[in-house]
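The values are calculated or read from the model by the stated rules, or taken from the named source; none is laboratory data. Please read all numbers here as calculations on a predicted model, not as lab measurements. Neighbour counts run over all protein chains shown; Cβ positions are idealised from the backbone, glycine included. Accessible surface is based on the protein model in full, side chains and every heavy atom, while ligands, DNA and RNA are left aside. Shrake-Rupley method; radii C 1.70, N 1.55, O 1.52, S 1.80 Å.
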Amino acid sequence: MEVKDKEFFYSIDVDNIGRLRNVVWVHSHCNAAYEQFHDAICFDMTYLVNRYNMPCTTFLGINHHRQSILLGYALMSHEDIDSYKLVFRTWLEAMGNVHPDAIIIDQCPSIKPAIAEVMPHTIHRYCIWHIFSKLPLYLSGVRPSKIARGDIKFMVLNSITVEVF
């Protein structure tokens with residue numbers, strides 16, 4: 001990739017016996033897009049696990065046409081705090097150490113402390129899709145739960161202020 005793209009960035013993290021732990025890579029077009037669209041990003045861990053059991057993660061942004069744009073990638077061997085910190089630090093290095101204003105994440109308990117340490121001034125929020133996907137579990141004792149889920153989604157998506165909610 002470096003032959004085709006002189007600004008291609010990658011970092012490979014190995015353990016003390018040379019086994020692959022984490023990989024972060026950023027194409028030059030990702031870096032260029034981040035310069036313009038770094039206000040809010042999404043760190044997405046929902047991609048399928050490959051045959052090496054390493055989740056493929058993406059850093060995503062939204063452009064001025066409301067289109068998703070790729071801002072970087074990572075393969076992670078562990079979903080622990082240290083791995084997240086390494087991936088976030090490495091990705092920020094690729095992005096010139098410009099921190100996003102906000103980051104949207106899933107509810108993995110290891111991500112929150114990693115962001116707090118690596119990006120202390122970045123606002124982080126949980127992804128609404130992940131929150132809504134857990135509603136059936138949270139409302140399992142409510143009858144009829146399907147109506148309750150619809151009511152909650154309506155309140156969340158249509159409330160402009162905390163007071164209105």
field: Heavy-atom accessible area per residue - the chain, 1.4 Å, Å²
entry: 64
query: Anyone know which of 97, 63, 16 comes out most mobile in the 10 Å Cα GNM of the chain?
result: 16
message: Can you match log10 I(q)/I(0) by the Debye sum over Cα atoms at q = 0.09, 0.13, 0.14 Å⁻¹ to one of these, [x] -0.55, -0.79, -0.86; [y] -0.37, -0.72, -0.81; [z] -0.29, -0.62, -0.72, based on a calculation from the structure here?
response: [y]
task: Please give the length that would be gained between residue 64 and residue 15 if that part of the chain were fully extended, namely 0.36 nm times their separation in residues minus their C-alpha to C-alpha distance (nm, one decimal).
output: 13.6 nm
statement: Rounded to the nearest 0.05, FRET efficiency between residue 98 and residue 133 (Cβ-Cβ, R0 25 Å) equals 0.20
- line: Sparse-neighbourhood loop hits (GluC sites (Glu not before Pro), segment 68-165; DSSP loop; Cβ within 10 Å at most 12 others) -> 163
- prompt: Using the per-residue mean of other Cβ atoms lying within 10 Å as a proxy for protection, in what order, highest first, do the peptides 71-77, 2-8 fall?
  reply: 71-77, 2-8
- request: Pairs of Cα atoms under 8 Å, at least six residues apart: use those to get the relative contact order of the chain, whole percent.
  value: 17
